[in-house]
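Participant: Can you keep this structure in mind? I'll have questions shortly.
Only the coordinates and a few stated rules stand behind these numbers; no lab work does. Since this is a predicted model, take the numbers as computed values, not measurements. Cβ: placed from backbone, ideal geometry, glycine included. Neighbour counts: every protein chain shown.
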Amino acid sequence: MSDFPQVLMNGIPFKRESLNENGFEEAVVTGILDATPDIQKAIYHGKLHDFVNTLEWLMEQDHVLPRLNSRILSPPAKSLDFTTNIDGNIFNEPDTFKLLGSKDMSSIINENMKYISRKDELLQGVTMWIVCDLETVKGRELMYSAMKHLKHSHHMRMGIVFNPSLDSGSDYLITKAVYTAFQTLSNNLAKLFITKLVKEENVQELKAGTKTIEDLEVNGMDMGAYKKALEKQTTDFIKVHRAFVETALGWQKEARGVIANGKVLGPFDDNEVFLQDDFDLLEKRIYQQGGKQIKEELVKLGIDGRKGSDLVMTISSLLTAGKGSSSERKQVSYSADQHSAIHIPADPSSPTYTVEAILDPLSQDAQKLSAILLALREVVNMDIKIFMNSRDKLSEMPLKLYYRYVLEPEITFKVDGSFSAGPYAKFTDLPQKSLLTLAMKPPDSWLVEAVKAPYDLDNILLEEVESGITAEFDLEYLLLEGHCSDSSSGQPPRGLQFTLGTNTTKAMVDTIVMANLGYFQLKANPGAWLLKLRDGRSKELYDITSHEYTDTPPGSDDVVVVINDFNSKIIRVKVAKKPDKMNEELLKDEDDDKSLWDSISSTISGDKKEEDPDKTLNIFSVASGHMYERLMRIMMLSVLKHTKSHVKFWFLKNYLSPSFKDFIPKMAKEYGFEYELVQYKWPRWLNQQQEKQRIMWGYKILFLDVLFPLDVKKFIFVDADQIVRTDLQELHDLDLGGAPYGYTPFCDSRKEMDGFRFWKSGYWASHLGNRKYHISALYVVDLKKFRRIAAGDRLRGQYQGLSQDPNSLSNLDQDLPNNMIHQVKIKSLPQDWLWCETWCNDQSKATAKTIDLCNNPQTKEPKLKAALRIAPEWKEYDYEIKVLWDKVYGTNTRSQIEYEPPQIDTEKIGSRLKDEL
């Protein structure tokens, strides 16, 4: 191995581009995350346990190689093609052979190649051709190493391509002797005799005359017949082999190398040594990269022996031909297009682009690619061939969505010359009785929101709609993403704060740096922005020392980032501690005036005096769909009815409907509360959930440290389907005993539900021990503590490992914090803080401080029906909000309720909105 430095993780070498200060940490984290699922599966299946040496187990895995050699591990620069059908007898006509092309030469050499192997005439998964000059010491050393490897090889057959210099004065003693042995001796005799022939001390004695060919005879060999064949041997085979090396391989005389299943390794450098261990590595790698699988398929077809081994080599070479080369042109050949291919011809009257697409028709990539091809066809003249590469076995339907890729071939205008409304997606002939959801799948760097959607986009039932569904979406922000590291240690400066602003507005958005890859993200719009360290402890301790992929003009001390296109903008920033602050920590445990969190002002600009956080009751909730938004408005009203504290609601903006976002300001003015819509883009490096419900669960727990502005110290999460019966200020003020958050345990008083309490047995019982399994419908978070102990970083790290298995984290927002209870402490709240009829008995309802309308796995009762039955005050809250809604929008939703109207004073509702109404 000549390339240094090298880093191996579990026996697997890192790529060269990762071995620098910018990419190393990311490579380590990626390697750990890739390895975790395999280790988990091994533990689950009992292959890895306390009595197994983990290191030895890792080193025995098939993908772990016993040796490093960049010549072997790098993609081959060239592969041979053996598919030409040509007369093999041309091998005996050197002058004719020289006139052929490389493909014809390769096929003829293959047809005439003689092989030796460990056992006779078995189907071999690896074919190696040793290219060398046996008249040189280095050539013989290469062949001798190959022969030693062959003695214990289980999957390889070996041939030789002779590459001597065509010197008329040479007798080619060793070359002819080895070639004759290949041609005339049986497999076992040839192995033994050739090993003696290429052993260096024997060659020197042959040349010195102290030994003869007869002295190398092996038991069972007919030396007389062999010598007669040797004496008749001409140099024609040498001329043919040398022509092949020069034309097909492009190598000089005496060059050395190996061709393994058609993959060309070489020519070797003059001082390059290829030992027996290197042959071991090469065989293992080639066998794993297709040789094994192809061999197994041929065995099923009953093909073995020389024919089977030739097929393995030919197919393997074709599958890897051009691998690692991005510039080589390829042509897909096919016999017919009646069933598995689609041909869309081009206009023959003008120049044509040929586009060939190979895709699985039942995949999301195919849905996107089809739209791209159709749009491109409108722009340029294209001859399109689409080849269907379908999976032969499916356990379930892989596509569960109707997809339209919004891409217009050109800008469109109205009749008056103005721009049209823009590109759109149109769906027709959709099922009428299925419940559908309409959503966007924008690029990673886009934050998109629905701005006009009169219908519930989460619950579309087309049989109830007269004229279809329309919705409008806006691109609200473009993300600026980055990775930050300490220039001295290379580690992410966890908790470091950045702001993004302009010359006039110093700080418009802020964020903190995660320990996970030093990642941070900030919302931006097109234009020039200034990235700065936030005033306070971050700026006191650190300076920005360097940055990459920014747009800072020469000589400027500012970090300028220009958002000038719709593609991702990812920067790298390095910071360093100031010389007089080297011994100070960014995150302090003590609560003094100089600590990180207490130094943050209540406004983004820092101009106003910080408000006492205890005076504001921060309530966080998430909802999607009109029904859950209805429940959430009722939850909000129940909170407001029971507290005298100033309340500020925080809502995840990503999934709120336009109608909710329009109504919430009116409701805020009427009831005197504050609100803020927060959003965060799921980082591309963090394993993405696919189902909408699971994505929302992830937002409830994975991004709490970065979702809120840095001046928020504490918040309470309340599920949308919850009714509050007490002052939540009491929960806000509760001592969490040093824990970053507090959850209510699941009730266990309703005994008839014992069979559904999954946490009472199996993994959860052993993992939790005597601890409770907690429910995520209501929890309080001390963000100050949460950020200080890097709880978010820990949760994301654990999530990344567990989420690789789709069967883990069934209830993501609950399972993750409960699984991390040993690393991130949970304060168990008193049971009265959350009552749920499914799990709690009727007697405990009298002291319940909140009621959660959780699902019942036995009855599957609808939420609204359960609300009317369980909580009498629910309908009063619901009716009061409907009255306000009707006064705001001039509607009559009160006539559509599922209950008798309660007796409430409707005249007072909307009194604060009289001027607007």
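Participant: What lysines does residue 772 reach when the alpha-carbon gap must be under 18 Å and sequence neighbours fewer than 8 apart in one chain are set aside?
Facilitator: Candidates past the 8-residue exclusion: 751, 760, 825, 827.
Participant: Long-range amide H contacts for residue 647: which residues qualify at under 5 Å (H placed 1.01 Å from N, peptide plane, sequence gap of 5 or more or a different chain)?
Facilitator: 617, 674
Participant: Let me ask another. Would you mind ranking 749, 621, 556 by Cβ crowding within 10 Å, fewest neighbours first?
Facilitator: 556, 749, 621
Participant: I need to check one value: relative contact order of the chain, counting alpha carbon pairs closer than 8 Å and at least 6 residues apart, in percent.
Facilitator: 8 percent.
Participant: Which one, 718, 354, 117, is farthest towards the positive end of the dipole of the chain when Lys and Arg carry +1 and Asp and Glu -1 on their Cβ?
Facilitator: Of the listed residues, the answer is 117.
Participant: Loop-only check: which trypsin sites (Lys or Arg not before Pro) in the stretch 384-417 are DSSP coil with at most 11 other Cβ within 10 angstrom?
Facilitator: Passing sites in the stretch 384-417 are 391, 393, 400, 414.
Participant: Please report, in debye to the nearest 20, how large the charge dipole of the stretch 122-166 is about its Cα centre when each Lys and Arg carries +1 at its beta carbon and each Asp and Glu carries -1 there.
Facilitator: Taking the Cα centre of the stretch 122-166 as origin, the dipole is about 180 debye.
Participant: What does the convex hull of the Cα atoms come to per residue for the chain, in Å³?
Facilitator: For the chain, the hull spanned by Cα atoms encloses 267 Å³ per residue.
Participant: Under 12 Å from the Cβ of residue 641, count the other residues' Cβ atoms, weight Lys and Arg +1, Asp and Glu -1, and hand me the total.
Facilitator: After counting each charged neighbour, the total is -2.
Participant: Here's something else I'd like to know. Just from its helices, what would the mean residue ellipticity at 222 nm be for the chain, if runs of 4 or more DSSP H residues each count -39500 (n - 2.57) and the sum is divided by every residue, rounded to the nearest 500 deg cm²/dmol?
Facilitator: Value at 222 nm, helices only: -9000 deg cm²/dmol.
Participant: For the stretch 614-889, with the dipole built from +1 on Lys and Arg beta-carbon atoms and -1 on Asp and Glu ones, taken about the Cα centre, which of 701, 830, 756 lies farthest toward the positive end?
Facilitator: Checked the options; the winner is 701.
Participant: Right, another one. Would you kindly derive the ³J(HN,Hα) couplings of the stretch 433-439 from the backbone phi angles with the Karplus curve 6.51 cos²θ - 1.76 cosθ + 1.60 (θ = phi - 60°), listing them in order in whole Hz, with x for Gly and Pro?
Facilitator: Using θ = phi - 60°, the values come out as 9, 8, 7, 10, 10, 9, 8 Hz.
Participant: Let me ask something else. Add +1 for every Lys or Arg and -1 for every Asp or Glu among the other residues with Cβ under 12 Å from the Cβ of residue 765, and state the total.
Facilitator: Taking every other residue near residue 765 into account, the sum is +4.
Participant: Going by how many other beta carbons lie within 10 Å of each one, how would you line up 286, 358, fewest first?
Facilitator: 358, 286
Participant: For each of 264, 562, 781, count neighbouring Cβ atoms within 10 Å of the residue's Cβ, then give the residues from fewest to most.
Facilitator: Going from least to most buried by this count: 562, 264, 781.
Participant: Placing unit charges on C-beta atoms (Lys and Arg positive, Asp and Glu negative, everything else neutral), compute the dipole magnitude of the chain about its Cα centre in debye, rounded to 20.
Facilitator: That gives the chain a dipole magnitude of about 1100 debye.
Participant: Continuing with the same structure: What number comes out for the charge environment of residue 464, summing +1 per Lys or Arg and -1 per Asp or Glu over other residues with Cβ under 12 Å away?
Facilitator: -2
Participant: Expressed as a whole number of Å, what is the distance separating the alpha-carbon centroids of the stretch 863-881 and the stretch 622-678?
Facilitator: So the two Cα centres are separated by 17 Å.
Participant: Cysteines of the chain lacking any other cysteine beta carbon under 4.7 Å?
Facilitator: When partners are defined as cysteine Cβ atoms under 4.7 Å apart, the chain leaves 132, 484 without one.
Participant: Under the rule of at least 5 residues apart or a separate chain, name every residue whose amide H is placed under 5 Å from the amide H of residue 775.
Facilitator: 744, 746
Participant: I need the phi-derived Karplus couplings for the stretch 777-785: 6.51 cos²θ - 1.76 cosθ + 1.60, θ = phi - 60°, integer Hz, Gly and Pro marked x.
Facilitator: These are the phi-based 3J(HN,Hα) values: 6, 8, 7, 10, 10, 8, 4, 4, 6 Hz.
Participant: For the stretch 349-417 and the stretch 162-186, what is the separation of their Cα centres, given in Å?
Facilitator: If we compute the Cα centre of each part, the gap is 58 Å.
Participant: Tabulate in residue order the Karplus-calculated ³J(HN,Hα) for the stretch 816-829, using 6.51 cos²θ - 1.76 cosθ + 1.60 with θ = phi - 60°, rounded to whole Hz; enter x for Gly and Pro.
Facilitator: With coefficients 6.51, -1.76 and 1.60, one gets 5, x, 5, 5, 8, 4, 7, 9, 10, 5, 10, 7, 7, 6 Hz.
Participant: Right, another one. Only Cα pairs under 8 Å and at least 6 apart count here; give the relative contact order of the stretch 8-64 as a rounded whole percent.
Facilitator: Relative CO of the stretch 8-64 lands at 45 percent.
Participant: About the Cα centre of the stretch 614-889, what is the dipole size in debye to 20, counting +1 per Lys and Arg Cβ and -1 per Asp and Glu Cβ, all else neutral?
Facilitator: For this selection, approximately 440 debye.
Participant: Select from 858, 870, 678 the residue farthest towards the positive end of the dipole of the stretch 614-889; place +1 on Cβ of Lys and Arg, -1 on Cβ of Asp and Glu, and compute about the Cα centre.
Facilitator: Value computed over the given set: 678.
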